[in-house]
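Below you'll find the structure, written out as structure tokens, and then a few comments.
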Amino acid sequence: MFLAGADGQTAELRPPSIKGMLRFWWRAAQAGATDFKQREAAIFGSGGENGGRSSFSLQVMADNLDGFRSRDPLPNHPYRVKGYDLNILEYLAYGTYTRHNGANVFYREYIKPDFEFELKFRLQNSVGRDGLIKALRAFCLFGALGAKSRNGFGSFKVLDVAGVLATPVLKAELSLSPSKEIMDTFCPPEDIPGDIPEFSGFSRKAKLYKTTSYLTWDDCLKWDDCLAELAHAYRDNRLALEPRHEFKRRQYIGSPIVVKKNQESVLDRRAKPYFLRVHEHNGKYDGYVLYLPSQYLPLRYCSGLAIDEKKYNTLSLPVEELAFEKTCSKFNTSLAGDLEVVC
């Protein structure tokens, strides 16, 4: 889990980071809803002259974190590139390490596996309580914590739930793995019209994939085996989108794309609509890829996006949206060849 403190390098469990992820998954679970900004501000707070406090507080209780801070190399899962053996887990963790004496060395600390911590919620009032619980469900089922969380790092398991809101149903749901039935509780029903949201959110076009090899491999019982399986599926199918040295399609899966210090993507930053996640159940690991589509260049957000102005002048928003949709569709079809399609 690459979750850092104020210096961006020392591993630390910070309530603002966790609260930020809860806000993200609240938005994802509310895609298409009305009075969005007002309800979000009432639950999570807002700034400015008319800003208000959050309707809940969050406390992190974590003992003995010092013993779980590390910059050690990740478990090695080699893949071959240009005659060199590289670690597929470092492919997913790109940006957390630097090159030194011919090897990748982490400059960011991470929290090692098997560390246990507690989150304590205190609700100030009942405003948005059901929405907050729904966000917590989405976070525990599909989300992760820290940098590279969309690449599967920072995955966690809920061991127990206590408190006045800890109903048997909620306890059971937070300890489950994703399924079609669970996805149906987040995605709008078929009879309700719904467009692709402006931000990453659940819609009828959302998809869920699952690793298949761990159904038969009794010796693959480690988190890193599972994450490596996801990494290979993600990398191989991303590269298969177009010929080598071409980057027109791959930029739609995630930007920036930097090759030999030159940016090959139009956007300086555009997070991918795919979320990798590892789940443990009864001592075995399963990997999931969640696809949450969104508009590629929402009009209201274009002015705030970091876009290369020279390239942006030649952009046509409808053309970009269509190219984004076609690329993701092709990528999804390829993923279905390596992973089980849950829904």
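We did not get these values from a lab; they are worked out from the coordinates using the rules stated. In this text, all values refer to a predicted model and were calculated from it rather than measured experimentally. Positions of Cβ are generated from backbone atoms using ideal geometry, with glycine treated the same way; all protein chains shown enter the neighbour counts.
Extension gain Ala6-Ala62, at 0.36 nm per residue separation less the Cα-Cα distance, in nm?
18.4 nm
Anything over 20 Å Cα to Cα? Flag those among Lys205/Lys248; Lys171/Lys210; Lys210/Lys272; Lys19/Lys120; Lys207/Lys330; Lys82/Lys112, in the order listed.
The answer is Lys205/Lys248; Lys171/Lys210; Lys82/Lys112.
Which three lengths, in whole Å and largest first, does the stretch 85-213 cover when its Cα atoms are put on their principal axes?
Dimensions of the stretch 85-213 along the principal axes of its Cα atoms: 56, 36, 32 Å.
For the stretch 1-138, go through all pairs of different Cα atoms, get the mean of 1/r, take its inverse, and jot down that Kirkwood value in Å.
17.8
Once the Cα gyration tensor of the chain is diagonalised, what are the square roots of 5 times its eigenvalues, in whole Å and ordered largest first, as equivalent ellipsoid semi-axes?
30, 27, 22
Just from its helices, what would the mean residue ellipticity at 222 nm be for the chain, if runs of 4 or more DSSP H residues each count -39500 (n - 2.57) and the sum is divided by every residue, rounded to the nearest 500 deg cm²/dmol?
Result for the chain: -9000 deg cm²/dmol, rounded to the nearest 500.
For Tyr94 and Lys112 in one chain, what is 0.36 nm times their gap in residues minus the Cα-Cα distance, to one decimal in nm?
4.7 nm
How far is it, in nm, from the label point at Lys284 to the one at Lys222 when both lie 7 Å from their Cα along the line to the Cβ?
Modelled inter-label distance: 1.9 nm.
Taking the Cα-to-Cβ direction at Glu320 and at Arg69 and moving 7 Å from each Cα, how far apart do the two end points lie in nm?
According to this spin-label approximation, the distance is 4.1 nm.
Given the Cα atoms of the stretch 227-304, and with Rh set as the inverse mean 1/r over their pairs in the Kirkwood sense, what is Rg to Rh to two decimals?
1.05
How far, in nm, would the chain grow between Lys261 and Ser334 when pulled straight, counting 0.36 nm per residue and subtracting the alpha carbon separation?
Here the answer is 23.4 nm.
Arranged by the count of other C-beta atoms within 10 angstrom, fewest first, what order do Arg99, Arg108, Arg71 take?
Arg99, Arg71, Arg108
Let me check against my output: what whole-number percent is the relative contact order of the chain, with C-alpha pairs under 8 Å and at least 6 apart?
Result for the chain is 19 percent.
Which residues does the label zone of Leu119 cover in the stretch 265-294, counting backbone N under 19 Å from a point 7 Å along Cα→Cβ?
Of the residues in the stretch 265-294, 275-281, 288, 290 have backbone N under 19 Å from the label point off Leu119.
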